[in-house]
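What follows is a set of notes on a single structure, which appears directly below.
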Amino acid sequence: MRKTIVAFAASALMLALTACSGGAATPAATGGASGGAPNKALDKLVVGFAQVGAESGWRTANTKDIQDSFKTAGIQLKFSDAQQKQENQIKAIRSYIQQGVDYIAFSPVVQTGWDAVLNEAKAAGIPVILTDRAVDSQDKTLYKTFLGSDFVAEGKKAGDWVTAQYKDATSTVNIVQLEGTTGSAPAIDRSSGFADAIKGNPNLKVVASQTGDFTRAGGKQVMEAFLKSQPKIDMVFAQNDDMGLGAIEAIEAAGKVPGKDIKIVTVDAVKDGMQALSDGKINFIVECSPLLGNQLIDVVKKLNAGTPVEQRIVTEETTFTAEQAKAALPNRKY
Ligand code: AHR
């Protein structure tokens, strides 16, 4: 009898503590390290999303897809645009922590410098989901999963195409590279994948490489400078479509024919890029899918239900030649 009373009192105390915790959920209640799950009704869940910005067609499509997916799933989304500034993203994440959202998702503008704010989210018991871009944190318990593309593979696919194009070259092929945002995962990984793929052919030389910050204006400006400083350019590797489209403007303004006088390879495969590919101004595109909304919803639902999620979820992607772009364009969603 005495044992029963003690057990009853302990359960009552646990219940009282759980009820009082209110606002920010405990790790156990959010499917955190200790394993439990909130199992909330979907219309009661709140997710805070800290977006990079609106730097490219890809990003615009990514934002739309995420917002549409949350609407369809009936889950409340709080959204912020960091205008490509890490300090803005950190502020947004801190504000989501204060508001006691159920989950925080974000696409880190750069790879480094996240441990402090991720530890704050962990201490508040709010699980974090990385979408699109990775962080370099060694402590893998700071986030539940990272879902998005394999950027090294994307760079390698671009480099493999260049290598195949110039396999019979007997003289130097001068390549210029338009890099994405300095310090961002796609810029770092695409550069290394590309370099790795072309390293077997000593004729393939990257003669200049500079950031265009993933924007059309940035790509144009850097390409204008390259055209002035480089006596001969055979090939552009633009790490996204927007920078490639900016490069096309610069090449045309310099009186050259993009796709012929200077070949162009890009990454993304957004509609504008695919149109330029089908028009012969771009020669090859490696796809990077911005449609991550449904995968994110899936992760949120799983965490809510206490179902384990993979530490890494890789998006499936393909590549496009001009002919393939022509065939795909009528049904391209973004
Ligand atoms: O992180 C994905 C990259 O960011 C896309 O390739 C680029 O267009 C975007 O700005």
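Where a number appears in this text, it was derived from the coordinates with a stated rule and is not lab data. Small disclaimer: the values here were computed from a predicted structure and weren't measured. Cβ sites come from the backbone with ideal geometry, for glycine too, and all protein chains shown count toward neighbours.
Which whole-Hz ³J(HN,Hα) couplings does the stretch 167-178 yield from phi under the Karplus relation 6.51 cos²θ - 1.76 cosθ + 1.60, θ = phi - 60°, glycine and proline marked x?
In residue order, the calculated couplings are 5, 9, 4, 10, 10, 5, 9, 8, 10, 10, 10, 9 Hz.
If r is the Cβ-Cβ distance from THR60 to ASP168 and R0 is 51 Å, what FRET efficiency results, to the nearest 0.05?
0.80
Helix-only estimate, please: 222 nm mean residue ellipticity of the chain, summing -39500 (n - 2.57) across DSSP H runs of length 4 or more and dividing by its residues, to the nearest 500.
So the calculated ellipticity at 222 nm is -13500 deg cm²/dmol.
Using the basic label-point model (7 angstrom from Cα toward the beta carbon), what is the SER95 to ALA41 distance in nanometres?
2.8
Pairing the Cα long axis of helix 151-165 with the longest principal axis of the chain, what angle in degrees results, from 0 to 90 and rounded to the nearest 10?
20
Treating the chain as a set of equal point scatterers at the Cα positions, no solvent, please give the Debye-formula log₁₀ I(q)/I(0) at q = 0.08 Å⁻¹.
Relative scattering, expressed as log10 I(q)/I(0), comes to -0.43.
So what are the ³J(HN,Hα) numbers for the stretch 320-334, from phi and the Karplus equation (6.51, -1.76, 1.60; θ = phi - 60°), rounded to whole Hz, Gly and Pro as x?
9, 9, 4, 4, 5, 5, 4, 6, 7, 3, x, 10, 5, 7, 9
Out of residues 5 or more away from ALA269 or on other chains, whose amide H comes under 5 Å of its own, with H placed 1.01 Å from N in the peptide plane?
ASP241, CYS288
How do 43-54, 214-225, 72-83 rank on mean C-beta neighbours within 10 Å, highest first?
214-225, 43-54, 72-83
For the stretch 76-89, take each phi angle, set θ = phi - 60°, evaluate the Karplus expression 6.51 cos²θ - 1.76 cosθ + 1.60, and give the result in whole Hz per residue in order, putting x for glycine and proline.
Karplus-based 3J(HN,Hα) across the stretch 76-89 equals 6, 10, 9, 10, 9, 10, 8, 6, 6, 10, 4, 4, 5, 5 Hz.
Residues with amide H under 5 Å of ILE262's amide H, sequence separation 5 or more or different chain, H placed in the peptide plane at 1.01 Å from N; which?
For ILE262, the qualifying residues are VAL257.
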